[in-house]
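Everything below concerns the one structure shown next.
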Amino acid sequence: MLLPSPPLRSTSDVLAFWISTLGPLGRMPKGAPGTWGSLGATLAAPWLFLPFSPLVRVLILLGILAAGIWAAQRMEQLTGRKDPGCVVVDELCGQWLTFLPFAALSPWHLLAGFALFRCFDILKPWPVRIAEKKIPSGLGMMLDDCVAALYASLALWLLLKAFSLP
């Protein structure tokens, strides 16, 4: 059973809710909605992100970023809470940004990218925490995951190079 949604008064509220929660992922009852969002993004990446050219991937990420900023900000208003846990569109953007520089990734590489992104998103090293604390509302929610993704992507690249993995 999924956790309940806040009161949705308009079509735009419903759209913001579904975008920000990635459907059911942000409302999973067993804690850690960010992990569910990242896992969903990782599982979807081989079909909905990685097959495309780098330019198309960047355009996809820009679309997710723009929609995510709007939807996350609206969810703050609807729930009355800063950075509500049900908002996981930021995990989609961050997880896919982690995978952006790579032409192809094996299931093991995807798993490593997932784990690295989750680590940096949870630990929030400098300047991830600054983005989360100093930048308000939807923009801050989205940007902290984008900065964490840059760390994760670099760490994944270094890991692949260090072990001469394709």
Checklist outcome for this item: What the 5 Å binned alpha carbon P(r) of segment 39-97 shows, as percent of pairs per bin from 0, is 4, 19, 25, 22, 14, 9, 5, 2
Checklist outcome for this item: Sorted on mean Cβ neighbours within 10 Å (highest first), peptides 123-130, 50-57, 68-75 come out as 68-75, 123-130, 50-57
Item to check | Additional length obtainable on full extension of the chain from Asp83 to Ala103, 0.36 nm per residue less Cα span | outcome: 3.9 nm
Next on the checklist: Among 79-87, 10-18, 35-43, how do they line up by average Cβ neighbours within 10 Å per residue, starting with the highest?
Outcome noted: 35-43, 79-87, 10-18
Checklist entry - For the residue pair Val14 and Leu111, what label-to-label distance in nm results when each label sits 7 Å from Cα along the Cα-to-beta-carbon direction? => result 4.0
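Where a number appears in this text, it was derived from the coordinates with a stated rule and is not lab data. Since we're looking at a predicted model, the values are computed, not measured. When we count neighbours, we look across all protein chains shown, and the Cβ atoms used for this are built from the backbone with ideal geometry, even at glycine.
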